[in-house]
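One structure is given below, encoded as C-alpha cells.
The values are calculated or read from the model by the stated rules, or taken from the named source; none is laboratory data. The structure displayed is predicted, hence computed values, not measured ones. Neighbour counts are summed over all protein chains in view; Cβ atoms, including those assigned to glycine, are modelled from backbone coordinates with ideal geometry. Quick note on the areas: whole protein, heavy atoms, side chains included, nothing else; ligands and nucleic acids left out. Shrake-Rupley method; radii C 1.70, N 1.55, O 1.52, S 1.80 Å.
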Amino acid sequence: MSTATHSPARTFAAHAVLIAYTAIALFPVLLIVINSFKSRNAIFRSPLALPTPENFDLIGYATVLKQGDFFLYFQNSLIVTVVSLFLVLLFGAMAAFALSEYRFKGNTLMGLYLALGIMIPIRLGTVAILQLMVASGLVNTLTALILVYTAQGLPLAVFILSEFMKQVSDDLKNAGRIDGLSEYRIFFRLVLPLVRPAMATVAVFTMIPIWNDLWFPLILAPSEETKTVTLGAQIFIGQYVTNWNAVLAALSLAILPVLVLYVIFSRQLIRGITSGAVK
Amino acid sequence: MGSLSIQNVKKSFGKVDVLKGIDLDVKDGEFVVFVGPSGCGKSTLLRIIAGLEDATSGTVQIDGKPVNDVPPAKRGIAMVFQTYALYPHLTVKNNMGLGLKQAGEAAAEIERRIGVASTMLSLEPYLERRPAELSGGQRQRVAIGRAVVREPKLFLFDEPLSNLDAALRVNTRLEIAELHRRLGATMIYVTHDQVEAMTLADKIVVLNAGRIEQVGAPMELYNNPANTFVAGFIGSPKMNFIDGARLGDTAKTIGVRPEHILVDPNKGDWKGVVIHAEHLGADTNLYLDTEKAGRITVRLFGEYAAEPGTTLYATPVNARTYRFDEAGRAIAR
Ligand SMILES: Nc1ncnc2c1ncn2[C@@H]1O[C@H](COP(=O)(O)OP(=O)(O)O)[C@@H](O)[C@H]1O
Ligand SMILES: [Mg+2]
C-alpha cells in the first residue's frame, strides 16, 4: 500500500464530499421534521429555524391522529409495501436463479425481456392496467396495488440478482446435488444466503418507490378503506387552503416505518459485506 | 463393486466440441488419474461421470449398469472439488452428514460413519466448527471426509490440491494415497499436474483437446510415450524435441529426456554453450545452445558447477532416445 492513499488531505477531501452530500440529502427531510413541530405562523415566518418553546406546537400531529383513519392508512401502506417486497424478492430471486443456473434455449433473450421494465416505466401502461383491474374487479383493493408494485419491482430485482447469482460457486451447488439436495433446497439453503447483500440492496431500491407512490393508489385504490399514507396526506392539501401543520406531521410520521425497514436491510447489507471479507 | 466404463462419450457446448469421443474402462479398486492441460475437458468428463452434466452422446456405466438417467445422488459416487465447496452455514459434522441424512440413513449410522471418517482424517477437534473457522488444508480434509462418509463405489476428485500451498499439497497427496490403500475404493482423480499424476496413479489417462492421447501405468507413459504430446507432458523438465533432419535421422522429430543426456567438458556429440543454470541441490538443470541440436535442457543429478558461457559437450544416451513420425506418433524401436 502506498502512503498516498492515507494522506490527510485526501482523507479530508473524501470526508468533505461525503458530508456535503449527506447534508444535501438530509436537508429537506430535516426541514419537514422541524417544521412539523412548529405553529403555523412560525412555519411561514421562519421556515429554517428550529422550534423554540414559544412556537412549539403539536397541532399538526393532533390533527393527523384525529382526522380520518391514519392508522388504517399506515396499515395499508405497510401491507402493500411488505407484501410487494416479499413477492419481488421471492420471484425475482427465483427467476434470477433460473437465468443464471440453467442453460436453455432463449436464456439470454429471456433475461433481456425480463430486464426491459428497467427502461420502460410501468406508468406508461396505466390505462391498460386500470382497464385490467376494472375487468377483474380488483379496483379499490390492496391486491391491485400489490400486483402492480410486484411487476414494477421485478425487472431490477432479476437484473441485479442474476448478476450476483452467477458468482455463486458452481462447485457448491454441485456438491449439494451429489448430496441429494433438491434444486429448491439448493436455491433456498445454499444460494439465497450467499446473495443476501444483493437481496438487501434490491429490497431498499424496491421499497422506497412503493412506499412513496401516489400515482397508483390514486388511480387504482382511492377508496377510504384502501388509502395509503401518501394518498391520505393529500386530504390536508386543499385547492385554496393547505393545512401545512398536518401535511408536515403526516410526512414526518410516514418516514418512520420506512426508516425502520431501511435500518433492518442496511444492517443485513453490512453484515453480508463484512462476513464475505473475513472468509 | 466400483467399475466404470465409458463408451464414445461426446460433449458439446453449443458449437464447441469439448469431448470428441472418449472410451475408457476403469477396473474396481483402481486409482485412475486424468491429466492434461487446462481446458482440455477433464472436469467436463468428470462431471459427466458424476451426472452433473449430460453427455451429448455416448454411455456411462457404473458396475455394468448404464447410469445416463440416474441422478448424481443415486450413482454411488462422491466428489471432492477444487474449491472445497463446503456448506458455509453448516458445522463440519453436518457438512459430512448432510448427504446421508438426505438419503434417509439412521442417525446412529450417520454418527458412526462421521466418527470413522473424522478419526481417519484427524478432524475430531473441529467437528463443531464452521468452514469459515478452518484453514485451507482442514477444509479440504473436511471435503474428503464428506466423500468418505458416503462410502461410495467411486470417488471423484477434481484438482483437490490446486488451492493448497506446496507443503500441504504433498501432505494431502499422501493422505489421499493412504485413503485409497485403506478403503480399496475406485478413485478417479483429475489434475493438470503431472507430478500428482505420476505419484498417485495406477493408471494415467492423458487428455488433450477433448481426446485421450494415451492410457497406461505411469512408468509405461514415461518409457513408451505414444506421441509427442504425451512425451512432452510427462516428465519434468520437459523432453527435448530435436528436428530429425538436423541430426541426419529419417524420423521427423527426435526426443531425448533431459535426464538422458550426459555432459563432458572435453568431448561428446553436441558442442554447446551454457545459457542458464538452475542449481536445485539434488539436481542441476542446464540450458545449452548447441550447434547441432539447438537449444536443449540437460538434467544432471547432484551439484554441477557450470556457469553461463561455459562450453560443454552433450551426448544423448542412445538407448533412451525416441523417434516420432510426421504426425507426432512414436516410431517403434
Ligand atoms: N458450461 C460451459 N459452457 C460452455 N463451455 C464450457 C462450459 N464448461 C466448460 N466449458 C468449456 O469446455 C472446455 C473444457 O473445460 P473443462 O472441462 O473445465 O477443462 P479442464 O477441467 O480440463 O481445465 C473449456 O474450453 C471450457 O471453456
Ligand atoms: Mg478443471
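Structure notes:
- Percent RCO, i.e. relative contact order, over the stretch A:3-62, from Cα pairs under 8 Å lying at least 6 residues apart: 29
- Chain B, relative contact order in percent, only Cα pairs under 8 angstrom and at least six apart counted: 17
- Inter-chain shielding of B:42-55 (mean C-beta neighbours from other protein chains, 10 Å cut-off): 1
- Relative contact order, whole percent, for the stretch B:237-324 stands at 36, derived from Cα pairs under 8 Å and 6 or more residues apart.
- Label-point separation in nm, residue A:31 to residue B:311, each point 7 Å along Cα→Cβ: 9.2
- Total charge dipole magnitude, chain B, about the Cα centre, Cβ charges on Lys, Arg, Asp, Glu only, Debye to nearest 20: 580
- Fluctuation leader among B:20, B:238, B:267 - chain B, Gaussian network, Cα springs under 10 angstrom: B:267
- Linear extension gain, residue B:89 paired with residue B:283, 0.36 nm per residue minus alpha-carbon span: 65.1 nm
- With the whole protein complex present, residue B:23 retains an accessible surface near 90 Å², based on a 1.4 Å probe.
- Estimated inter-spin distance, residue A:264 and residue A:94, nm [label 7 Å along Cα→Cβ]: 2.1
- Local net charge near residue B:143, Cβ-Cβ under 13 Å (Lys/Arg +1, Asp/Glu -1): -1
- Nearest-0.05 FRET efficiency for residue B:68 and residue A:167, computed from C-beta distance (R0 51 Å): 0.95
- Nearest-20 debye value, the protein assembly as shown charge dipole, Cβ charges on Lys, Arg, Asp, Glu: 640
- Other protein chain C-beta atoms within 10 Å of residue C-beta, averaged over A:165-178: 6.
- Rounded to the nearest 5, the antiparallel percentage of DSSP beta bridges internal to chain B is 75%.
- Each principal axis of the Cα cloud of the stretch B:4-230 was taken in turn, and the coordinate range along them, longest first, works out to 50, 40, 31 Å.
- Calculated mean residue ellipticity at 222 nm for chain A: -22500 deg cm²/dmol, from DSSP H runs with n ≥ 4 weighted as -39500 (n - 2.57), summed, divided by the residue count and rounded to 500.
- For chain A: rounded, prolate or oblate by the Cα gyration tensor [a/c cutoff 1.5]: oblate
- Ordering A:82, A:194, A:121 by Cα displacement along the dipole of the stretch A:69-239 toward the positive end leaves A:194 in first place; charges were set at the Cβ atoms of Lys, Arg (+1) and Asp, Glu (-1).
- Of the residues B:38, A:210, A:156, the one whose Cα sits farthest toward the positive end of the charge dipole of the protein assembly as shown, with +1 on the Cβ of Lys and Arg and -1 on the Cβ of Asp and Glu, is A:210.
- Applying both filters, DSSP loop and at most 11 other Cβ atoms within 10 Å, to the trypsin sites (Lys or Arg not before Pro) of the stretch A:102-160 gives A:103, A:105.
- As a calculated quantity, the FRET efficiency between residue A:240 and residue A:54 at R0 = 22 Å, using C-beta atoms, amounts to about 0.15.
- Distance from the stretch B:167-220 to the stretch A:92-126 (C-alpha centre basis), Å: 44
- Contour excess over end-to-end distance, with Cα ends at residue B:291 and residue B:181 and 0.36 nm allotted per residue: 34.6 nm
- On the principal axes of its alpha carbon atoms, the protein assembly as shown extends 112, 63, 51 Å, with the longest extent given first.
- Choice from A:34, A:210, A:120 showing the highest fluctuation, given a GNM over chain A with Cα pairs closer than 10 Å: A:120
- Dividing the helix sum by the residues of chain B, where each DSSP H run of 4 or more adds -39500 (n - 2.57), gives a mean residue ellipticity at 222 nm of -7500 deg cm²/dmol.
- The residue list B:306, B:84, B:290 was ranked by how far each Cα lies along the charge dipole of chain B toward its positive end, using unit charges on Cβ atoms, and B:84 comes out on top.
- For residue B:283, the amide hydrogen comes within under 5 Å of the amide hydrogens of B:302, counting only partners 5 or more places away or on other chains and with H modelled in the peptide plane.
- Between residue B:133 and residue B:243, residue separation times 0.36 nm minus the direct Cα-Cα distance comes to 34.1 nm.
- Chain A: DSSP helices with Cα axial extent of at least 18 Å and average Kyte-Doolittle hydropathy no lower than 0.0: A:8-36, A:70-101, A:142-166, A:196-212, A:244-278
- The calculated FRET efficiency for residue A:122 paired with residue A:223, based on their beta-carbon distance and R0 = 22 Å, is about 0.50.
- Volume in Å³ per residue [convex hull over Cα atoms, computed for the stretch B:237-324]: 81
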